[in-house]
Amino acid sequence: MSETITRDTTIEEIFKRFPSKGQKLAQEITNAGLQCVGCSASTWETLEAGMYGHGMSDEQIDGLVSRLNAILQEKEDLSTIALTERAAKKYLEILEEEGKAGWGLRFGEKAAGCSGFEFFLDFSEKPKAGDLVLESNGVQIHLHHKSVERLMGSVIDYVDGLHGAGFKVSNPHIKSSCGCGNSHGY
């Protein structure tokens, strides 16, 4: 199998071959207008067939393939956890609205979903005993010491679009993920 995505790649293949990038890939595919990600109705379809079926042009197909391959080329920093500038800005806005200015972000995972684990984000007034404390774009991140090995290298982004808004996590250690990108396994 190729290490790139082509017009002939099926949605199912994308998530099987690149689970650690599943969240970002799913978001990009959904943003392109293919809401079938996660519904399992058309996972066997190629990107090209799915986009033609939604009335999209060759230029739009090639643009999506290019954006997906750019995501595959992004390098991970396994020594930290990063919030994008957009995610940090949104989190700081939420803290202000909630009257919790100065609080950190608790990042972790719990057993859930069809693939084993789901990420969670929560307010954290201060680190708990044994937490690893990191900082990214002005936000302190609190991480339980038992999660460090699995979560290091994660990037937390914030997306806001037609198909939903929220914080999205990409983790380079993931070996499997569900089609919708909400749960994952190692």
Just to check I understand the Karplus step: with θ = phi - 60° and J = 6.51 cos²θ - 1.76 cosθ + 1.60, what whole-Hz values come out for the range 71-77, glycine and proline as x? 4, 4, 7, 4, 8, 9, 9
With θ taken as phi - 60° and the coefficients 6.51, -1.76 and 1.60, list the Karplus ³J(HN,Hα) couplings across the range 119-135 in order, rounded to whole Hz; mark glycine and proline as x. 6, 9, 10, 8, 5, 9, 5, 7, x, 8, 4, x, 5, 8, 10, 10, 9
Structure shown: which of LYS75/LYS126; LYS90/LYS128; LYS21/LYS89; LYS24/LYS89 lie over 27 Å apart, alpha-carbon to alpha-carbon? LYS75/LYS126
Two-site FRET efficiency, ALA70 against GLN140, from Cβ-Cβ distance with R₀ of 30 Å, rounded to 0.05: 0.50
By the C-alpha gyration tensor axes a ≥ b ≥ c (rounded if a/c is under 1.5, else prolate when a/b exceeds b/c, else oblate), the shape of the range 68-123 is oblate
Local electrostatic count at PHE120 - Lys and Arg +1, Asp and Glu -1, tallied over other residues with Cβ under 11 Å: -1
Amide H proximity to LYS168 below 5 Å, modelled H, separation 5+ or other chain, gives ASP157, TYR158, VAL159
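Read the figures in this text as sums done on the coordinates, not as results from a lab. Predicted model, so just to flag it, every value in this text is computed and none were measured. Note: ideal-geometry Cβ built from the backbone for every residue, glycine included; neighbour counts use all protein chains shown.
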